[in-house]
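**Student:** I have a structure I would like to understand better, so I am pasting it below and will then ask my questions one at a time.
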Amino acid sequence: MVGPLSREVRAHRLTDRAWLAVGDDVRVHVVWVHLEEAEARRRITARGNPNDAWKLAHWDAYRTRLFVPTAAEYPELLQYDNTDAPPAAFEGLLEALADR
């Protein structure tokens with residue numbers, strides 16, 4: 001699955017096998033990809049998607065609605081900072097996934 005899925009993360013559903021309808025033979029990993037606010041705004045602006053017009057025009061209101069899960073409250077998430085991640089950081093993410 002790809003998407004914000006904030007509602008599902010808040011409810012800890014993305015590792016709930018019954019909710020996902022998957023058996024014990026399926027490996028489930030959840031990676032929360034985040035980046036610094038300035039970089040997020042830069043990327044949203046650069047992609048030029050008309051669906052982002054409201055976000056950009058109302059940035060202060062938009063940014064206060066963003067959900068940022070904490071590692072303590074959501075230990076099932078593997079968090080990855082994609083702000084300026086070098087290739088080695090991505091390799092580290094893959095290794096962390098393999099170790100889970």
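Derivation of every value follows stated rules applied to the coordinates shown; laboratory data play no part. Since the model is a prediction, treat every value here as computed from it, not as a measurement. Heads up, the Cβs are rebuilt from the backbone with ideal geometry, glycines too, and the neighbour counts pull from every protein chain shown.
**Student:** Under the rule of at least 5 residues apart or a separate chain, name every residue whose amide H is placed under 5 Å from the amide H of Thr83.
**Tutor:** Amide H neighbours of Thr83, under 5 Å, 5+ apart: Glu36.
**Student:** Which of the trypsin sites (Lys or Arg not before Pro) found in the stretch 1-96 are loop residues per DSSP with 16 or fewer other Cβ atoms within 10 Å of their Cβ?
**Tutor:** Working: sites: Arg7, Arg10, Arg13, Arg17, Arg27, Arg41, Arg42, Arg43, Arg47, Lys55, Arg63, Arg65; in loops: Arg13, Arg27.
Here the sparse-neighbourhood loop sites are Arg13, Arg27.
**Student:** Positive end of the dipole of the chain, charges at C-beta (+1 Lys, Arg; -1 Asp, Glu), about the Cα centre: which of Thr70, Trp59, Leu20 has its Cα farthest in that direction?
**Tutor:** Trp59
**Student:** I've got another one for you. Under 12 Å from the Cβ of Arg41, count the other residues' Cβ atoms, weight Lys and Arg +1, Asp and Glu -1, and hand me the total.
**Tutor:** Surrounding charge for Arg41 is 0.
**Student:** What list of ³J(HN,Hα) couplings, whole Hz, do you get for the stretch 53-62 from phi and the Karplus terms 6.51, -1.76, 1.60, once you set θ to phi - 60° and write x for glycine and proline?
**Tutor:** Values, residue by residue: 4, 5, 4, 5, 6, 10, 3, 4, 5, 4 Hz.
**Student:** Given the stretch 50-100, what whole percent of its Cα pairs are spread farther than 14 Å?
**Tutor:** Working: 867 of 1275 pairs.
In whole percent, the long-distance tail amounts to 68.
**Student:** Using alpha carbons only, how many degrees (0 to 90, rounded to 10) separate the axis of helix 37-47 from the longest principal axis of the chain?
**Tutor:** Here the helix axis deviates by roughly 80 degrees.
**Student:** Which Cα, out of Val33, Pro87, Leu97, lies furthest along the positive dipole direction of the stretch 30-99 (beta carbon charges, K/R +1, D/E -1)?
**Tutor:** Val33
**Student:** Taking one equal scatterer on every alpha-carbon of the stretch 1-83, how large is log10 of I(q)/I(0) by Debye at q = 0.17 1/Å?
**Tutor:** -0.81
**Student:** Treating the beta-carbon of each Lys and Arg as +1 and of each Asp and Glu as -1, no other charges, what is the dipole magnitude of the chain about its Cα centre, to the nearest 20 debye?
**Tutor:** The calculation lands at about 520 debye.
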